[in-house]
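FYI, it's all coordinate maths here, none of it is from the lab. It should be emphasised that the depicted structure is a prediction, and the values quoted were computed from it without experimental measurement. Because the Cβ atoms are built from the backbone with ideal geometry, glycine has one as well, and the counts that use them run over all protein chains shown.
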Amino acid sequence: MVSRETDPSPPSRVRTAGDVAAADPSFDDHTTPLARAAEHTVMARSGARTRPSVPRPERTRVMVVANQKGGVGKTTTTVNVAAALAQLGQRVLVVDLDPQGNASTALGVAHHRGVPSTYESVVEGLPLAEVTTECPDLPGLWVVPGTIDLAGAEIELVSVVAREGRLHRAIHGHPRVGGPDAGDERFDYVLVDCPPSLGLLTLNALVSGGEMMIPIQAEYYALEGLGQLLETVEMVRAHLNPRLIVSTILVTMYDGRTRLAAGVAEEVREHFGDQVLKTTIPRSVRVSEAPSYGQTVMTYDPGSPGALCYLEAAREIASKGAPTR
Ligand SMILES: Nc1ncnc2c1ncn2[C@@H]1O[C@H](COP(=O)(O)OP(=O)(O)O)[C@@H](O)[C@H]1O
Ligand SMILES: [Mg+2]
């Protein structure tokens, strides 16, 4: 049982912002965490992609960011991992599947009613390429906005043919999604931000992707509801998408000062092992205020601990590569 008492020495297996900054081998021996933060700030401001870039996958990795709990960091993780991957030289598409359109807000793209969005593609069958727009702040990052129309999609899709496979068809019909045939401009990653439910939209996402990323908030109730999520994944694997793998678990909003957070992170690691990224995302005000400026923390405050940890998480995802089946 974990308590909320303050503990100045979290378990060594949990990597914090300071460790991340200190341990990056790509920086000179003399580089301090502060210098590293400054360097990422300068590179992000000047529009340069952060060095060193990571190898591109051989084919587009479609990663579904899902957890039916609200407020666990799905959207924050989607947009910041996407932005970080773009800064690492990858071509990334974010598909906003949440009627609230929070990912669209954070990426600085319009998502009011009437903007061509995921809805038009999934429900009305418009090619995804026609509703894809470029993110204004970051080269290499594209977005399919999510509008309030998606709220109706859960019900409208019920009567549609092949209703679980609509997003799969849309994504894989995009000319920039696929293997070497899709050309040099192909997307390396497609990240799908799911709404906080296990309805038809999330089901569409789970059918569309080969990988799933689950953000887990380092809070007391974090693991509650996870069983139901994993049962849904098993159901999807058995009937709709045998390729689906939970490849990535990311512990978010980690407060290194509490035993509670360390305890949750530990429990998640015991349960999921290698699927859990070594990097945890700290709770940070800069992360939560970035969307109100229409930005990710990766451009809003690139030197902040939240940004450096998302950069490291993205690097881990890229260097682990797609799961082998
Ligand atoms: N690392 C973090 N530090 C501080 N606040 C965070 C962090 N990650 C997420 N938040 C905040 O928590 C809230 C829920 O996050 P969000 O990504 O919208 O969750 P979800 O998409 O799962 O509902 C938002 O207000 C967000 O700004
Ligand atoms: Mg969200």
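Of the residues Val233, Ala218, Leu277, the one whose Cα sits farthest towards the positive end of the charge dipole of region 187-325 is Leu277 (charges of +1 on Lys and Arg Cβ, -1 on Asp and Glu Cβ, taken about the Cα centre).
Of the residues Thr202, Thr76, the one with the fewest other Cβ atoms within 10 Å heads the list, and the complete ranking is Thr202, Thr76.
Over the chain, DSSP H runs of length four or greater, each weighted -39,500 (n - 2.57), average out per residue to a 222 nm ellipticity of -10500 deg cm²/dmol.
Take Arg113, Arg56, Arg257 and order them by how many other Cβ atoms sit within 10 Å, fewest up front.
Arg113, Arg257, Arg56
Within region 292-309, find all residues whose amide N lies under 11 Å from a label point positioned 7 Å from the Cα of Glu39 along Cα-to-beta-carbon. Output list for this probe position: empty. Taking a ≥ b ≥ c as the square roots of the eigenvalues of the Cα gyration tensor, region 86-188 is oblate, since a/c reaches 1.5 or more and a/b is not larger than b/c. From least to most packed, judged by other beta carbons within 10 angstrom and beginning with the fewest, Glu289, Glu185, Glu156 follow the order Glu185, Glu289, Glu156.
Across every direction, the projection of the convex hull enclosing the Cα atoms of the chain has a mean area of 15.9 nm².
Partner aspartates and glutamates whose Cα lies under 19 Å from the Cα of Lys278, excluding those fewer than 8 positions away in the same chain, are identified as Asp19, Asp24, Glu211, Glu219, Asp255, Glu266, Glu267, Glu270, Glu312, Glu316.
R0 = 51 Å: FRET efficiency of Met235 with Arg257, Cβ-based, nearest 0.05? If you can, show how the numbers build up before the last one.
Working: r = 39 Å, r/R0 = 0.77.
The value I calculate is 0.85.
Histogrammed with a bin width of 10 Å, the alpha carbon distances of region 158-290 distribute as 11, 34, 32, 19, 4, 0 percent, first bin at zero. The GluC sites (Glu not before Pro) of region 191-227 meeting both criteria, a DSSP state outside H, G, I, E and B (loop) and at most 13 other C-beta atoms within 10 angstrom of the site's C-beta, are Glu224. Its relative contact order, with pairs defined as Cα atoms under 8 Å and 6+ residues apart, puts the chain at 28 percent. Bridge orientation summary for the chain: considering DSSP beta bridges with both residues in this region, about 10 percent are antiparallel.
Kindly state, to the nearest 0.05, the FRET efficiency for Glu270 paired with His112, given R0 = 41 Å and r defined as their beta-carbon distance. That pair, Glu270 with His112, gives E of 0.35. What you get for region 93-183, charging only the Cβ of Lys and Arg (+1) and of Asp and Glu (-1), is a dipole of about 120 debye around the Cα centre. Seen against the Cα atoms of the chain and their longest principal axis, helix 226-239 is set at about 40 degrees.
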